[in-house]
Each structure stands twice: as structure tokens, then as C-alpha cells.
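One structure is given here, and the rest of the page talks about it.
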Amino acid sequence: MIPTQNRRILTFTAVHPCESVSITTLIDSLIKIAGEILSFKSKHFSTNKRSVKETLRHVLNLLIVFQEIRVGLIPADRSFPRSAILSLSELHIIFQKLVILLEECTRKGGKLYMLTNSDQISAHFRVLTRSISTCLDTFPVGSIELPEEVKELIYLLIRQTRKYEARPDRDDKRALDSVYWIFNLFENRINPNRDEVVRVLDHVGVRKWRDCVKEIGFLGEEITVEGKDKNEIELLSSLMGFICYCRCVILGGIDEDEDKGEEEEDDLVIRGLNVDDLRCPISLEIMNDPVVLETGHTYDRSSIAKWFSAGNITCPKTGKNLESTVLVGNVSVKQVIQSYFKKEIDQKSMKKKKKKTSIPESLAAEEAGKLISDFLAGELINGGPKEMVKALVEIRILTKTTSFNRSRLVEAGVVESLMKLLRSGDPTIQENAMAAILNLSKDISGKVRIGGSGGGLEMIVEVLNEGARRESRQHAAAAIFYLSSLGDYSRSIGEIPDSIPGLLRIVKGCDYGDSPKRNALIAIRSLLIQHSDNHWRVLAAGAVSVLLDLVRSGEIGDGVKADSIAVLAKIAEYPDGMISVLRRGGLKLAVKVLGSSEVSPVTKQHCVVLLLNLCVNGGSDVVGALAKDPSVMGSLYTALSNGECGGGRKASALIKMIHEFQERKTETGLERERFIHAW
């Protein structure tokens, strides 16, 4: 998938064959590209099916002509007419554009959007087909030795393509009218007729749940492309609302794992990828349309075309003279680039969605969202086991996308049903319900409804400790973090006996990865920040030993280490917390981590805060212990230079404390000892 900022739907770039290209090379290339066009016969077209059928018939007839020319190609002592070469070169350009047009019409995820562009697509077919007639008009049929039936075929093609009038299919118009009628029903918050929706889906070839997912992904990318006017954005938003309604309400069953193997394979390729290998050697930009020269080197089509247009008939990388300038698409590299950009787009679109308003851009999409929420809420109450599981999956997906979806689902009353399902004996139901609760806990309306459900917080803590699946327990830990941002909830969660011990079990559990550990750590830190009474509860649960052992283990990522030290720093704000950290060797460990070259600046900043809190509460004994270590000052000055405002000020304050201690020690010549053993 080419990046959205560089991709434009229904735009064409073609490379003109080199003027000095041999007739043999040109004919071979035309035969190859004709075969590529004919391979689209087996694919589903969501629009202009009649135009596609006629175009493929014309190309098949032209292929017969090319093959006849190739079989009886001119003897070596005869020259091929220049006008014929020019005519065939123009046909080559037309064929390139036809390939692009057919690719657009069969683009994964773009079926519904292409239906809305049926008029434009029809116009492209008309222009390209008539261009074939123009090219054949200039082809010197009488000057070339061809069988009479082939000559007749050429004359037939000229007549057919000259009078060709491509118009949108009547079926396209009916389907498009239905789509706009459904938009109107959505705007009035009316559920459309199921049979009519199914007819539209059948027409464009969207028949499975996974097809809807691809359509939504494509539309989501298109809506973020810069330069679109308000009307087009509203259309894209309405189409997203329509296809989301189809996924949630119309289509039954979830074929979620259909492409899982392919996606995992793509992930493996991307993980080991050097992005520079995807850059064009000429433009140094990642290639949009990679093509191979006869030397085996790959370039972006537009860049190498400019190179040839400038009169260069050499390979830019090797300098070797080329016998042929025919460009062959590098399918394998293109697939890798598509996988790479899919990953990039997924990550960027998530960031954009967080920055952009979550309110749909059209009334139809907004009201469709409300209809979907009401339907799913009803399925949780009245649906059978299969319907309930599907509704849970849909709610889980919707609550992960926008705050609009979350607020609509809260208004529809799904929270109460989800809370009841947390105690389901079915692990899949429990996991999906807990994931949905986690997503709903991100917004204030969801927090209020979750906490307001009788025993809601207790049920989440119950899943945290006794959830049937590890994933359910992880989701519960993350939900506690979001819910604890409300002071009253933070106190209530802390008062539940198993809440903090449950979070610590995830932190120290060997079967949990870095992500769930971090969720549990930030939940503990949030509980400490939001309510002071949670301090002694964290200490009583043995958090200090667990966290120090975790940092010492060396088997965790830098993010977990940073979060662990941040929690320790918060604990050390209180005298009893400070004593607990010091008695278990926290000072020495913090100094070691601060001086390490293997941790991030963020981790070092948390170390500085921990050391400062220990010094503030521990007094001169702790400061003196730090002053004795010759490496500390260098580490602190490094943290000072690398730290942002907050971290820099903390490092500066700690440096000042050590300097003041050293000055007092010099003046008195004495150092009193206290009961605290800092090291």
C-alpha cells in the first residue's frame, strides 16, 4: 500500500518506450503486458463490469495481432516501418494505463469507494479504448506481411474501439442509488432494509467480515489524505459508517484469522528490513512503483523514466549501456514496500486519530454509529451465544477506535451487560468483555458508569487476580490504571484487599511480557499519585522488594526498568518508604543504573528523582553516601545536560545538595552518623 500522501486514486503514470527500442523487444513487452491485463479476468470488479469485459476482449484480439507479428517477424534484411513502431509504442503506453486502471478497480478495500467513482472510471475506459483506435489508425497494415484474417481483425478493432461508448452499468447506478438512500435512512436514524444492504454488498463483492475490515481500513486512509474537499470527506465518512454498519449488523460470523499467516509472514519480513534497500538509487526516496532493468537493478518507474527522457540509455548504477529500456515490474519488492507502508500507515493513522476529533464527519456516519451501538447493546442482552461473542468482538473493536464510539456505547447501556459478563465461565467472553471495559475506562463517561455499577471495581479486581486467561488479567491491570485517575476510585481500588497484590503478581510474573508489566506498574504509580493512603498499602504488599529485584534481574526492557524506578521514587517520597528502599540496597542500585550506558535518558531521570527523594528524607547520611561515590557527580552532570526541564531541575537540586554537604563537611571536619545505613 503506497503511502497516502503520495497516492492518488485514478491517476496514471506511464513510461514511453525508448525511441531506439527494437521491434522484437517492443512486441515481447506488449505480449507480456497484454497477458498481465488479461489476468484480471478472474478478479471481481465492483464497478464497470461491462466496460472491463469489452476492454479485455479488445486486448485479447490485440494479443493475437502481436503474436502474429512476433511469429512472422521481419527478416533481418528488411526494416520495420517507423510508423508501425510509433503506433505500437503508443499502444504500450495505453496498456500501462489500463493495468493501473484495472488495479484501481480491484484494489483491496476500495470496492465501495470505486463504486462511487463509477462515472470517472467509465470515462477513463472510454478515453483509453478510443486511444487504441487512434493508434491502430496510424498502423500501416498494408506495409506489413500479415495473414488476411489478422488484417481484418485489426480493421474490426478500429471500428469497435472508435465507436466505443463506455457508460456506467445500470447495476452500478442501482447499487449507488441504494447506497445514497441508505445514507438518507441513517441520517433519520432508521435501520435500512437488510435485503437491500446485502444486494449492495453482493454487487461490490464485500461478502465477509474481513472484507469490511479492509474497506474500513482503506477509507480511513483516504480520509486522512491532504487536499480533499469537505464534500469528499463527508462521502468517505458516510461510506465508513455504512460499511461499519454492515460489519456489525448485517454480516454474521467473524473470519478474523483468515489472513493471519500472511500478516505474520509480512511482519517477519519487515522486522529484518533495511529501509534503505527500498529507496530508488536515483531519487533516494522509497519507491512507489519499482521496476527492473536488464542489468537486474531496481528503480522507481517515474525516476528511471526521467533518466531515459533525458537521453540516457544506460543503467544509472552500473553505467552499462542498455540494449533495451523495457521496464519490468519488480513484484517481490513492491509487495515488501506495500507491507512496510501498511505498518507505517497503521501506526500513523492511530496517531492521527488521537489528534483528530473523534466526531464523524457526516450526519449519516454519526447516526449509523448510534444504530450500531443500540444493536450491539441488544445483542448482549437478547442474542444467543454466537451473537453475544460477535457483539463483544465488535464492541471491543469500536471502543478501541474513537471516543465517539465509546460514548455512544455507554449511552446504549453496554457497560452493565459487560460487567455481568466478567464473571462468565467462558474465557473468550470474559476476555472480550474485559478488553471492552478497558477501552471504555479511557473516557470520563465510561469511568463513571463502570464505577457506578454495583461492585464494578471489585469485579475488575477479581478478574485481575482470577481471570481465566492471562490476557484478561492484563486488561484488568490496564483498566485499573485508567480508573484510578479519579481520586475517589483510586481510594476505592486501594481499599480492595487483592488489588495491589494482584498488580504486583503481574509485575513479578515470569509469564508476563514487558507490556503487561508496564500496565501494572503505571497502575500502581497512579494509585500512589491519586491517593496518599495507598502508600502504606503498596509498602505492605512488599512492592519495594519486588521492584528492586526486578531492576536487578536484567531480564526486562528499559521501559519496565524506568517504570519500576518511577514507582520506587514515588514510594521514597515518604520516610517509611525511603527507609524500606535504603534497607534493601536501593541507593546503590540507583547509582549503578544512573551510571549505566545501557539505559535511556528517561530511566536516568527517574533514577535522579529516586536519589533526590532518598536524600531529602534521609538527610546527610544518604547525601554523604552519595558524595563518597566518585562516579555520581559525573552521572548527575550528564543527566543534567540530557534531561528535560523537570529532570534537569531535579539533577541540579541533587548536585546542589551534594556540594552543600561537602562544604559543611570541610568546615566541621566531622560527619555524624545516623541510624540509617544508606548502602
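Read the figures in this text as sums done on the coordinates, not as results from a lab. All figures in this text were calculated on a predicted structure; none of them were measured in a lab. Virtual Cβ from ideal backbone geometry, glycine too; neighbours counted across all protein chains shown.
Of note:
- Look at the Cα gyration tensor of the stretch 354-416: its axes a ≥ b ≥ c give a/c of at least 1.5 with a/b over b/c, and that counts as prolate.
- Charge dipole magnitude, Cβ of K and R +1, D and E -1 - the stretch 542-679, Cα centre, debye nearest 20: 120 debye
- A protection proxy built from the mean count of other Cβ atoms within 10 Å ranks the segments 95-102, 281-288, most packed first, as 95-102, 281-288.
- Peptides 446-459, 111-124, 315-328, ordered by how many other C-beta atoms sit within 10 Å of their residues on average, highest first, read 111-124, 446-459, 315-328.
- Ranked from largest, the principal axis spans of the Cα set of the stretch 175-254 equal 36, 28, 20 Å.
- A straight chain from residue 652 to residue 41 at 0.36 nm per residue would run longer than the Cα-Cα distance by 212.8 nm.
- The Cα atoms of the stretch 346-496 define a convex hull whose projected area, averaged across directions, is 9.1 nm².
- Point-to-point label distance, residue 22-residue 208, nm (Cα→Cβ direction, 7 Å offset): 4.6 nm
- In summary, the helical segments of the chain meeting the span-like criteria, namely a full DSSP H run, a Cα extent along the axis of 18 angstrom or more and a mean Kyte-Doolittle hydropathy of at least 0.0, are 23-38, 49-71, 82-105, 118-137, 230-245, 363-382, 385-401, 427-440, 514-530, 558-571, 601-618.
- If R0 equals 25 Å, the separation of the Cβ atoms of residue 536 and residue 600 corresponds to a calculated FRET efficiency of about 0.20.
- Greater than 22 Å apart at Cα, pairs in 53/208; 53/108; 32/163; 370/442: 53/208; 32/163
- Only one residue of 657, 632, 559 has its Cα farthest out toward the positive end of the dipole of the stretch 542-679, where Lys and Arg carry +1 and Asp and Glu -1 on Cβ, and that residue is 657.
- Identified option (computed volume of the Cα convex hull per residue in Å³; candidates [x] 187; [y] 253; [z] 218): [x]
- Ratio of Rg to Rh over the stretch 542-679 (Cα coordinates, Kirkwood Rh, two decimals): 0.95
- Residues residue 120 and residue 420, FRET efficiency given R0 of 51 Å [Cβ-Cβ distance, rounded to 0.05]: 0.50
- Extension gain from residue 228 to residue 588, taking 0.36 nm per residue of separation minus the Cα-Cα distance: 123.8 nm
- For the chain, adding -39500 (n - 2.57) for each run of n ≥ 4 DSSP H residues and dividing by the number of residues yields -22000 deg cm²/dmol at 222 nm.
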